[in-house]
Amino acid sequence: MPQFIDLVTAALTDPFRIALILGLVITQARTAAQTGTFLPLALGVAFVAVIIPTTFGYDESLGLPLVASAGAAANIVLLALALVARRLWARRQG
């Protein structure tokens, strides 16, 4: 379990991951009429969770399922923060 927590902590501070999740939220907001809300966000979270370790490499002794699930957990936290920020921004704009 400590490995999982360490992986999630590292993923939460990854600037590339943060940028991808912010891009996901912005893209989903612009295409919501055509694609909906939940499915694009869920697929985006899963995509980012798998693409980052497979592209940049990971400790193979941990295995891809553990690394990807830690990334998905971090992505969900980042997504929640981004959605709250988007909602607050929209409320402030009127």
(request) Would you please name the residue that is farthest from ASN75 (Cα to Cα), looking only at residues in region 11-38 that are free of Cβ contacts under 8 Å to residues at least 60 places away in the same chain, small (Gly, Ala, Ser) and assigned to a helix (DSSP H, G or I)? (result) ALA33
(message) Just the residues that are in contact with a helix residue (DSSP H, G or I) (Cβ under 8 Å, 6 or more places away or on another chain) and hydroxyl-bearing (Ser, Thr, Tyr), please, taken from region 45-64.
(response) THR54, TYR58
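Restricting the search to region 75-85, which residues are small (Gly, Ala, Ser), free of Cβ contacts under 8 Å to residues at least 60 places away in the same chain and surrounded by 12 or more Cβ atoms within 10 Å (Cβ to Cβ)?
Applying the first criterion (small (Gly, Ala, Ser)) to region 75-85 yields 80, 82, 85.
From the residues that got through so far, the ones that are free of Cβ contacts under 8 Å to residues at least 60 places away in the same chain too are 80, 85.
Hit for region 75-85 is ALA85, nothing else.
Conditions (1) of a type in the set (Lys, Arg); (2) surrounded by 12 or more Cβ atoms within 10 Å (Cβ to Cβ); (3) in a loop (DSSP other than H, G, I, E, B), marked per residue:
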| residue | (1), (2), (3) |
| --- | --- |
| PRO40 | no, yes, no |
| ILE52 | no, yes, no |
| TYR58 | no, yes, yes |
| PRO65 | no, no, no |
| ALA73 | no, yes, no |
| ARG87 | yes, no, no |
(message) Looking for something touching a residue at least 60 places away in the same chain (Cβ under 8 Å) and not polar (S, T, N, Q) - is there at least one such residue anywhere in region 50-57?
(response) no
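Each reported figure results from applying straightforward, stated rules to the coordinates on display, with no laboratory input. Quantities reported herein were computed from a predicted structural model and do not represent experimental measurements. Cβ sites come from the backbone with ideal geometry, for glycine too, and all protein chains shown count toward neighbours.
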